[in-house]
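Trainee: The structure under discussion is supplied below as structure tokens; questions concerning it will follow.
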Amino acid sequence: MVRAPALRENGAVISASTFRPRLSPLAPWAVALAVVAVYGTLSWDSGFLYDDQRLIEDETRPNSAGDLLRTFAEPHYGALPYYRPLTRASYLAQKALSGDDPRPYHMVNALLAGTVALATWLLLRSPPLGTARIPTALGAAVFALHPATGACALPIAGRDSLLPLLFVLLSVAGHLRPTPAWRAVSWSSFLAALFSKELAVATPLILVAADVAFAQLRPATIRSWAQRYLPFVAALVIYAAARAVVLVGQAPDLAVLDRPLGPFESLLFGLQTTLAPAISLVYEPPSSGWLDPVRMATALIVATAIRWATLGLPRPVLAFWGAWFVILQLPSANLFVQETLFDERYVFPATLAAPAILAAAASGATRARAVIVAALIGAALAFVLMQAHRAPIYANPRGFHERWATTNPTSASARNGLGTLQFRDGQVESAIASFETSLRLRPDDAQALNNLGSALVATNRSTEAVSMLRRAVALHPAFAKAWYNLGNALAATDRLPESEAAYREALRLRPAYAQAWNNIAAVLVRLDRTDEALAALTELQRYEPQQARAGLNYGILLARGNRLPEAMAAYEGVIELEPDNPDAHFNLAAVLERLGRIAQAHAHYEAALRLRPGWPLAATGYARTAPPG
């Protein structure tokens, strides 16, 4: 066995050499590949789930880098006060490449989970932590396979937690290697983390904890402290300014005043979730849904065992990981009003503390080294089995929402999500009932108000819909989809100028909103403003060049204005995209007939009839343009 030089921290020796078999350099890559294989296999046949619809399916497919850069000027989605442009840009970049096929998104999540395992390895191998290779690999595996990590890797929307934590890990790892190059990695990773999710605001506290805990990192003077943290303060200012511009008037509200025990409950939930995770999925539970005496007792026993097994560890290492566990839960510890009180994805970053402490203990001459290694291996295998047990729930959207509503009957989000699925499946009345239940549980939920308004429009109850949708945009003025649906409801009640104004507000908030461009064009046609309608359809074609709908409507308006050669070109473009589109063939035939190109018109009337047999108008045109005799 080869021994590397030991690290000395505050007089205590930390061995970094206990496990050094020849294959140990391959250990992090083996762990990363195993993590990718687990999540890739478990999510291979999964589709879109809950938030995925709003993050991916409802979005316009981007056509340029500019479309991706626009994410920095727009909220994350819906009525939630989230600003996560890098995460949203990752979804849109994938949409540009693979459209609405869910499998590539799941595979990227699996790759991201594997990359998180590699970043964990990099952090644990930082000199002040003194963790050996094989224990580091085991600790990274346990963290990456923990059910809380699975709650972020198996649903596509969980990328909102995976991506920022990757950058947080890189930022802290860079900070623990204080060379100019690593300092640049630390700062840039922190900035990227901030623009990925709000949880990153806690990162500087982790860095301060490291500087306080480890003497070799600690700045000597107040000036050197200021110089060390000035770039991070600048990053926070940049992020705060951008967020304030995009989310005007949406500052976070304090929750701790109304719920003073909320942070304490969150830390208890974090302890139980980390050390005694539930075998079955319990999604966004209330306090009564997660506080399990058996699991809490188990967590306390495991915590006691970990403390006993790590008695030989230097205090700075224990202090750093203790700070990690607490600090990374603070952004979602009910200090501020948040979407839900508790969830495993909130605890996910903090769960690293336990396997990291055990990996550090297994790297030195602690009393229970062999037991710790066995425990880490056993935990990793147990977590894989738990992930396999949970994965089918994530793969079935209806089953997921029904289970969510069962485990948390007071969850307005669960009822709202179930209603969304029912609406998409054509069960409109059931969807309306679900949205109404959601609103009884949370009356000022702009998402549910928007969804109910959309469903009411679909059942010709547009007057009621207008009332719901006006409430939604009053609660959340930056909710582009609610403005769009309000435009639909107003158009259905013939309030065309108001409808136009609603669509224009939706487009101001989201310039690439293709459906809004299409619908405002229809309203402008009804207002006899054809040139403006053509301009709107030109914008639609710019954002959706592969959409036949835009070209078809564009051609119709051009034909109405006797711009026949341009109309012909528009219809030919639609047929190039969709050769079996009967409307395009019919409209092209009509234009060709008006241009006197009878033989060509006859051929396209024939194509329209072939694609839509028995179509009276196409049959009449076919007969009218038939050759003599």
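The values are calculated or read from the model by the stated rules, or taken from the named source; none is laboratory data. Keep in mind the model is a prediction, meaning the values are calculated, not measured. Glycine gets a Cβ as well: all are built from the backbone with ideal geometry, and neighbour counts include every protein chain shown. These accessible areas exclude ligands, DNA and RNA; they are computed on the full protein's heavy atoms, side chains included. Shrake-Rupley method; radii C 1.70, N 1.55, O 1.52, S 1.80 Å.
Trainee: Considering each residue of region 39-68, count those that are touching a residue at least 12 places away in the same chain (Cβ under 8 Å) and either over 17 Å from I156 (Cα atoms) or in a loop (DSSP other than H, G, I, E, B) (or both), and give that number.
Mentor: Total meeting the criteria: 16.
Trainee: Looking at A388, A412, A446, A405, which is the one that is under 21 Å from L281 (Cα atoms) and either in contact (Cβ under 8 Å) with a residue 60 or more places away in the chain or touching a Pro at 6+ places or on another chain (Cβ under 6 Å) (or both)?
Mentor: On the way: A412 fails: either in contact (Cβ under 8 Å) with a residue 60 or more places away in the chain or touching a Pro at 6+ places or on another chain (Cβ under 6 Å) (or both); A446 fails: under 21 Å from L281 (Cα atoms); A405 fails: either in contact (Cβ under 8 Å) with a residue 60 or more places away in the chain or touching a Pro at 6+ places or on another chain (Cβ under 6 Å) (or both).
Criteria check complete, one pass: A388.
Trainee: In addition: So, in region 505-552, exactly how many residues are under 27 Å from the mean Cα position of the chain (by Cα), open to solvent by 10 Å² or more (accessible area, probe 1.4 Å) and over 22 Å from V574 (Cα atoms)?
Mentor: Qualifying residue count for the region: 6.
Trainee: Which residue pairs have Cβ atoms closer than 8 Å, lie 6 or more positions apart in sequence or on different chains, and pair a first residue in region 560-577 that is at pLDDT below 90 with a second residue that is outside any helix (DSSP H, G or I) and open to solvent by 80 Å² or more (accessible area, probe 1.4 Å)?
Mentor: Within 8 Å, the pairs are L577/Q546.
Trainee: Just checking, how many residues over region 417-442 are acidic (D, E) and more than 16 Å from L49 (Cβ to Cβ)?
Mentor: Summing the residues that are acidic (D, E) and more than 16 Å from L49 (Cβ to Cβ) in region 417-442 gives 2.
Trainee: Additional query: Among G629, G596, G621, which is in contact with an Asp or Glu (Cβ under 9 Å, 6 or more places away or on another chain) and either modelled with pLDDT of 90 or more or part of a loop (DSSP other than H, G, I, E, B) (or both)? Let's see the steps before the verdict.
Mentor: Values: G629 fails: in contact with an Asp or Glu (Cβ under 9 Å, 6 or more places away or on another chain); G596 fails: in contact with an Asp or Glu (Cβ under 9 Å, 6 or more places away or on another chain).
Result: G621 is the single residue among G629, G596, G621 that is in contact with an Asp or Glu (Cβ under 9 Å, 6 or more places away or on another chain) and either modelled with pLDDT of 90 or more or part of a loop (DSSP other than H, G, I, E, B) (or both).
Trainee: Right, something else. Can you name the helices (runs of 4 or more DSSP H) wholly within region 377-490 that have at least 2 residues being open to solvent by 70 Å² or more (accessible area, probe 1.4 Å) and more than 22 Å from A79 (Cα to Cα)?
Mentor: Those helices (runs of 4 or more DSSP H) span 397-407.
Trainee: In addition: From the list Y91, Y83, Y105, pick out the single residue that is open to solvent by less than 30 Å² (accessible area, probe 1.4 Å) and in a loop (DSSP other than H, G, I, E, B).
Mentor: Step by step, each of Y91, Y83, Y105 is checked, and only Y83 is open to solvent by less than 30 Å² (accessible area, probe 1.4 Å) and in a loop (DSSP other than H, G, I, E, B).
Trainee: Sticking with this one: Just checking, does region 199-213 include any residue being assigned to a helix (DSSP H, G or I), open to solvent by 70 Å² or more (accessible area, probe 1.4 Å) and of a type in the set (A, V, I, L, M)?
Mentor: Yes.
Trainee: Moving on. Out of (1) open to solvent by 30 Å² or more (accessible area, probe 1.4 Å); (2) more than 26 Å from the chain's Cα centre (by Cα), the odd one out for Q338 is which?
Mentor: (2)
Trainee: So, L138, is that one in contact (Cβ under 8 Å) with a residue 60 or more places away in the chain and within 24 Å of G40 (Cα to Cα) or not? Step through it out loud before you land on a result.
Mentor: Values: in contact (Cβ under 8 Å) with a residue 60 or more places away in the chain: yes; within 24 Å of G40 (Cα to Cα): yes.
Criteria met by L138.
Trainee: Looking at region 61-79, which of the residues that are of a type in the set (G, A, S) and under 17 Å from Y543 (Cβ atoms) is surrounded by the fewest Cβ atoms within 10 Å (Cβ to Cβ)?
Mentor: So the residue we want is G66.
Trainee: Another question, then. Please verify whether region 106-120 includes one or more residues that are under 20 Å from E339 (Cβ atoms) and touching a Leu at 6+ places or on another chain (Cβ under 6 Å).
Mentor: no
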